[in-house]
Structures are given as C-alpha cells and as structure tokens.
Amino acid sequence: MIRRLSLTARLTIMFGLVSSTVLLGLGSVIASSLQRHFADQDRDLLGGKVMLVHHMVERISTEESLAELANDLRDAFIGHPDLAVLALAPDGRVLYGSNGVRFPAERLSRPQSLSRLDAFEWADGPRKFRGLAVAIKTRIADAPPAVVAVAVDIAHHTQFMKAFRRTLSAFVVGAALISALLGWLAVCRGLAPVRAMKARASAVTASRLDQRLPVESVPIEFADLAYTLNEMLARLEDAFQRLSDFSSDIAHELRTPISNLMTQTQVELSRARDPASYRELLASNGEEFERLARMISDMLFLAKAEHGLTLPSIERIAIEREVEALFDFYDALAEERGVEFQLSGTGELQGDRPMLRRALSNLLSNALRYATAGSCVRVSISTESSVVRVVVENQGPTIDPAHIPHLFDRFYRADKARSHEKTDGTGLGLAITKAIVIAHGGSVAVSSMGRMTSFYLVLPANR
Ligand SMILES: Nc1ncnc2c1ncn2[C@@H]1O[C@H](COP(=O)(O)OP(=O)(O)OP(=O)(O)O)[C@@H](O)[C@H]1O
Ligand SMILES: [Mg+2]
C-alpha cells in the first residue's frame, strides 16, 4: 500500500525538484555556450595558422622550393608545442609532421577549401585534438594541390569542462537540499494556521459547542473554510441546544403529573377504602393518563416537525374547505359554549393536508376555549401575491403583552393559574402550529387587544 505523503513532504519535494531542474537547465546552457566559445576560439587560432601556411605554399613553384617548405614550417611553428602541423606534397609524401600527431586519414583524403573552414575533433590515444585540413594549390604546373593539416590539443578544455560539470553537479545537489529545507520551513510556517484551527477544533465537545475557529487570524485561503466550519458549528450548537431544551422540557412537564399520580395512589393505598373511592381515583388517574398520552404524542409530533421534517405529501388544498370541515368537527363543542363560527374568503395553496388541518385545529380549539359565550369565532382567508393569509379571531380575555413573545414556545401557558386544571391543555398547540407553518415556508403572528385575540398565518401558495 502506498503511504499517503503529507502536504509538507509533497511541497518540500516539489521545491527541491523545481530548484534542481532550474539549476540543471541553467548549468547546461552555460556549459554548452562555454564549449561553443572554446570551439570558436580554436577555430580562429587554427584559421590563422592555415592562412600562414597557405601563404607559404601558394608561392611554391618548383620541386626544390617544395622540399624547403619543411624548414619554413619548422621555423614558423617553433615555440607552439600545443600545435601540430602536417604537410603532404601533391603526390602524397609527408613533407613535414610535427609533434608526432596522427591525423585521421579520411579527413586528409577529403581536405576542405579555404572558403569553408569547419574544424573536426578526434582522439589520438589519450589526447584529444581539434583540427583543420585544407587543400592548397602550388604554382607547380599540372600538380594536384598540397594538403596541410593544423591541429590544437584540446585536453585542457576537456579538463576544464569536466571540472565545471563536477562543480555544477555538486552545486545543484547542494542548492536542491537547501531549497528543500527552506521550502520545508516555509510550508511549516504557512501551515501554522491549519494547526491552530485543528487545536481549536479539538477543543469542541458537546459541552463546549460555543468554540469557534479563528477567522480573522488565518490567511484568506483558510478563512472561507473556517467560516463555513463555524457556520456548521453554529447549526450544530443550535440543534444541540434545542434537543437538550426539548429533553429538559419533557422531564419537567412529566415530573409533576407523574408525582401527583404517585402520591394520590399511595395515599389511596395507605388504608382500606370503599369501592366507590377506588373507582373515583382510577377515573381521575385515567384522565390524567389520557392527557399524558396526548402530550407524549404531541411531543413526538413536534420533535419531528422541528427537526427539519420534510412534508410527507404535498397536494393542492383549498383552505376554506379544511376550515369548514373543522367547523363541523367542533360544532357540538361550539354549541355547548354558545359560540358561533364565521368564515370569509378563499385561498388555495400547496401543502400537507393533515398537518395544515392540525395547525388550524389548534388555533380553533384555543379560540373556542377562550371565546366569550355568545360571541363569534371568525376565520378570514385572503390571497395576495402568491401568499395565503389566514386569520383566526375570537372575543375573549386579552393576552398580557408580556406573554405575547412566548406564546408559540412549547409548554408555554399564559394563564398559569388554570394550567393545573386537568382539562387544560399542555401548552404545545401553538408550538405545533408554528412548526407546521414554518415547515411550509410560512410565518405566524398574534395580536391581542381590546378583548379581541387574532392569530395570523402567512403561507406561500406555491412550494
Ligand atoms: N385565543 C386565545 N385567547 C387567549 N389566550 C390564548 C388564546 N390562544 C392561546 N392562548 C394562550 O396561549 C397559551 C398557549 O396555547 P397553546 O395552544 O400552545 O397551549 P394550550 O392550548 O394551553 O394547550 P394545547 O393546545 O397543547 O392543548 C394558552 O395556554 C393560552 O394562555
Ligand atoms: Mg391549544
């Protein structure tokens, strides 16, 4: 299995590779231009010598003067131990050869013309030469041209280039190591904010969800990431807070009725009683159990609705039809309370029918409960620019403005004094209504003044 390389290692290797590639490229450019420079220098030197010999050979007009050429060449090249000269007579005889250097035979057989001098290189044993071979015409009638070859020992150039390459390689290796080291240091420093973020993130626990990653002190490349992670933490904190509030609310709301049930049962059992007394207790307990069961199912519904519930089935709903159905359902209760229903307007929207009916039912049951006898519970529906508005109004006790902001909180009951009566609600109705409306993308509001209480639902007509 290939081990995953750390970012630091990758960047360090990359730094080393890049700097050694650049240096190697630069070095080879310098080496090749040096070599070209040496070759140019040698060619100029050899060209000069060829011109000198050309001058001597050109004047030869007899066989005798040809024999004297050897002496002239010896005189001309005295004091040039690094130069080698070979002169061949038109008939191929060696007229003069210095330094015992062996010129390549195929070059001598194909001599160049003076107008196009092109130096060639060859090795004679351990020695290396660069040379020129030219054909020069004498003035001897009908004789083919003489061949003169001049060469220079280039061992010192070769030596120099070898040393240069060795130094260059050592330099490249050293520079690659140094730049890798510097790269490593730079990467370590550059990644410090990531380590800081990691340290901060590892401090986040369920009890310390308020921790946030530093956004201002990190480079902009990381700021976006830190910001997104912070948003995620905020969402988690919010969800976690709601969850723990939820469980503490449940515990709190269940504790009182259960301890009441327990005490009543223990008192009843403390001594023998008549059957009627037991029956009365069981009936009372039964009612309390019913209320608890309703509360638990409401809690479960609310938990689902609050935790990003996706609406189970979306369909087109005529709101006025649902309200009419609810009026029928509450008809008997309304008659008992001496309250009348009134409906005005129509509105159509996309939503989940049972859930919307539940939201409206909670509002109607409250309105019925608090409506003054002989008054009217009014539901008005209107549609304005793709939004459906539903208002449920009743005449009754004005809600204290201090309660208004908390009315939609779960377990919140404005009339605390009545809240212990068994017939009273659990304080979940409005919380459920709000959760359903929010799940539909809408909003809720309430106003209560001059003995008139109105609940407003604003719902988008299309999803
Ligand atoms: N129409 C209204 N007039 C006056 N007060 C109201 C009205 N509707 C709601 N309230 C107040 O708001 C509180 C919260 O209502 P909500 O429907 O959430 O709970 P509930 O009716 O007490 O219980 P549940 O609906 O769960 O049976 C009520 O206890 C009541 O004090
Ligand atoms: Mg209610």
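The values are calculated or read from the model by the stated rules, or taken from the named source; none is laboratory data. Note that the structure is predicted; figures quoted are calculated from it, not measured. Glycine also receives a Cβ, built like all others from the backbone with ideal geometry; neighbour counts cover every protein chain displayed.
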Practice prompt. Return the total of residues in the stretch 328-350 being within 16 Å of ligand 2 (Cβ to nearest atom) and either in a loop (DSSP other than H, G, I, E, B) or out of contact with any helix residue (DSSP H, G or I) (no Cβ under 8 Å at 6 or more places or on another chain) (or both).
Written response: 2
Worksheet item: If you go through the stretch 386-400 one residue at a time, do you hit one that is within 14 Å of ligand 1 (Cβ to nearest atom), within 27 Å of Phe301 (Cα to Cα) and assigned to a helix (DSSP H, G or I)?
Response: no
Practice prompt. Scan the stretch 322-379 residue by residue and report those that are away from ligand 1 (no atom under 14 Å from the Cβ) and of a type in the set (Val, Ile, Thr).
Written response: Val323, Thr346
Fill in: Which numbered condition Arg59 fails, given (1) touching a Leu at 6+ places or on another chain (Cβ under 6 Å); (2) surrounded by fewer than 18 Cβ atoms within 10 Å (Cβ to Cβ)
(1)
Worksheet item: Which one of Ser386, Ser454, Ser380, Ser447 is farther than 18 Å from Glu320 by Cα and more than 14 Å from ligand 2 (Cβ to nearest atom)?
Response: Ser447
Practice prompt. Determine whether the stretch 148-165 contains at least one residue that is of a type outside the set (A, V, I, L, M) and not in a helix (DSSP H, G or I).
Written response: yes
Discussion item. Would you confirm, using the coordinates I've provided, whether Gly396 is assigned by TED's automatic domain parsing to the domain that holds Glu315, touching a residue at least 40 places away in the same chain (Cβ under 8 Å), more than 16 Å from ligand 2 (Cβ to nearest atom) and surrounded by 18 or more Cβ atoms within 10 Å (Cβ to Cβ)?
Written reply: no
Discussion item. Restricting to the stretch 367-408, name every residue that is farther than 30 Å from Arg316 by Cβ and touching a Leu at 6+ places or on another chain (Cβ under 8 Å).
Written reply: Ile399, Leu407
Worksheet item: Quick one: which of Ile258, Ile319 is closer than 30 Å to Val387 by Cβ and surrounded by 11 or more Cβ atoms within 10 Å (Cβ to Cβ)?
Response: Ile319
Worksheet entry | Candidate set from the stretch 351-374 (those that are within 9 Å of ligand 2 (Cβ to nearest atom) and surrounded by fewer than 19 Cβ atoms within 10 Å (Cβ to Cβ)); member that is farthest from the chain's Cα centre (by Cα) | Arg369
Worksheet item: Going through the stretch 267-311 one residue at a time, which ones are under 30 Å from Ser344 (Cβ atoms) and more than 16 Å from ligand 2 (Cβ to nearest atom)?
Response: Leu311
Discussion item. Take Arg107 and tell me if it is surrounded by 13 or more Cβ atoms within 10 Å (Cβ to Cβ), of a type outside the set (Val, Ile, Thr) and either at pLDDT below 90 or not assigned by TED's automatic domain parsing to the domain that holds His156 (or both).
Written reply: yes
Item to complete: Look at Glu315 and say whether it is under 53 Å from the mean Cα position of the chain (by Cα) and either among the charged types (D, E, K, R) or more than 14 Å from ligand 1 (Cβ to nearest atom) (or both).
Response: yes
Worksheet item: Using beta carbons and a limit of 8 Å, which pairs, at least six apart or on different chains, have the first residue in the stretch 359-384 and of a type in the set (Ser, Thr, Tyr) and the second one within 14 Å of ligand 2 (Cβ to nearest atom) and assigned to a helix (DSSP H, G or I)?
Response: Ser361/Leu326; Ser365/Gly429
Practice prompt. State all residues of the stretch 273-312 that are within 54 Å of the chain's Cα centre (by Cα) and polar (S, T, N, Q); if no residue qualifies, say none.
Written response: Ser297, Thr310
